1. Do we find that VAL14 is assigned to a strand (DSSP E or B), under 17 Å from GLN129 (Cα atoms) and among the hydrophobic types (A, V, I, L, M, F, W, C) in this structure?
2. Checking the conditions here, which among ALA143, ALA167, ALA188 is surrounded by 24 or more Cβ atoms within 10 Å (Cβ to Cβ) and either more than 18 Å from the chain's Cα centre (by Cα) or among the acidic types (Asp, Glu) (or both)?
3. Residue by residue through segment 135-191, note down the ones that are assigned to a strand (DSSP E or B) and in contact (Cβ under 8 Å) with a residue 60 or more places away in the chain.
4. Only one of these conditions is not met by GLU275: (1) outside the structural domain of SER205 (by TED's automatic domain parsing); (2) surrounded by fewer than 16 Cβ atoms within 10 Å (Cβ to Cβ); (3) touching a helix residue (DSSP H, G or I) at 6+ places or on another chain (Cβ under 7 Å). Which number is it?
5. Hey, among the residues in segment 297-341 that are touching a Cys at 6+ places or on another chain (Cβ under 8 Å) and hydrophobic (A, V, I, L, M, F, W, C), which one's surrounded by the fewest Cβ atoms within 10 Å (Cβ to Cβ)?
6. Working only within segment 84-116, note down all residues that are hydrophobic (A, V, I, L, M, F, W, C), surrounded by fewer than 22 Cβ atoms within 10 Å (Cβ to Cβ) and either in contact with a Gly (Cβ under 6 Å, 6 or more places away or on another chain) or in a loop (DSSP other than H, G, I, E, B) (or both).
7. How many residues, within segment 43-83, are part of a loop (DSSP other than H, G, I, E, B), of a type in the set (A, V, I, L, M, F, W, C) and farther than 23 Å from PHE139 by Cα?
Amino acid sequence: MKSAVFYGKHDLRVEEAPKPQLGPADVLIQVKACGVCGTDVHIYEGDQGAADVTPPTILGHEFAGIVAEVGSGVHTFRPGDRVCVDPNCYCGACDPCRKGMAHYCEHMIGYGTTVNGGFAEYCAVDVRQVYRLGENTSFEQGAMTEPVACCLHGIDMCEIRPGHRVAVIGGGMIGLLMLQLSRLAGAARVALLEPVESKREVGRSLGADVCIDPLHGDVKEALSAAGMDSPDVVIECVGRPSTIAQAIEIAGNKAVVMMFGLTKPDETVAIKPFEIFRKELVLKASYINPYTQKRALDLIDSGRLDVSSMVYEVCGLEKLAEVLASPKLRAMGKYIISPEK
């Protein structure tokens, strides 16, 4: 089968790989769509993502497709079913799993990180991680279930209440999802900070009350002019020290600052503890997607969450390395890989 294999920093090769063999509890999925994620970029750059990667590995953890075969012990799916995958497979027996913190599983299997994933024609997945797509959900939308599930975990931790004012920093795929989820959670007003005009336009169409270019203006003045000074929640979706510091700076009294964007492992942020003390800020971070995959699926299928407007291009495996290597390309929007192209 055709696949994109990661061999090390800046070394991704599209090549033939053996079709996966099924265990009794496995489902073989013919991949139709697999999203390019910021975690994939971190791995390609030689940095640590949410899990360690040991080359050679087929990357790709945001994927959907059709069931091609099932193992002898699988009775809940059959060939032809349209499905997506939760890529984080927990053991259920270690101490974190037994404490209800399965996303800290000591023996976690990560499809597209610790084992082969979805940047290939086929991927074998434990049946526990397979979910049926809704009737209204396309394969490209189904591939977005995993990032939506991660965002739902983060938005739950933000504790947004009806009437809150929320500022989202970063208008990429994740920021645009957070913008919408903030509205669905009851936020009265949502501001989007994003330097790229095309992304600000998408943000406006998805319900942002004000869109601010943080590189060419005074952010605090713009927020104040829009009735958004002192936000109750600030969600940072960029993963840079400068934007994390900005999130702390613009947050209001007793606000939650959600550091959702993934930074490089060794990066640090210069903060003023007195400012956190004075405003009684709560700093939070969110790690992957425990127990939120089904909610994400239902939201997408309901049509209440738009996961398509931010997709820039659906392309073949041959373009994957170029996308991973080019910030300019990724700035255009979300890329989805279709092994059939």
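1. Answer is no for this residue.
2. Going through ALA143, ALA167, ALA188 in turn, the sole match is ALA167.
3. Correct list: ARG165, VAL166, ALA167, VAL168, ILE169.
4. Only one criterion is unmet by GLU275, namely (1).
5. VAL323
6. Within segment 84-116, CYS91, ALA93, CYS94, MET101, CYS105, MET108 qualify.
7. So the answer is 3.
The rows are residues; the columns are (1) free of Cβ contacts under 8 Å to residues at least 24 places away in the same chain; (2) of a type in the set (Gly, Ala, Ser).
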| residue | (1), (2) |
| --- | --- |
| SER3 | no, yes |
| GLU16 | yes, no |
| ALA25 | no, yes |
| VAL31 | no, no |
| HIS42 | no, no |
| ALA64 | no, yes |
| GLY73 | no, yes |
| CYS84 | no, no |
| ALA93 | yes, yes |
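The values are calculated or read from the model by the stated rules, or taken from the named source; none is laboratory data. Just so you know, these numbers come straight off a predicted model, no measurement behind them. Cβ sites come from the backbone with ideal geometry, for glycine too, and all protein chains shown count toward neighbours.
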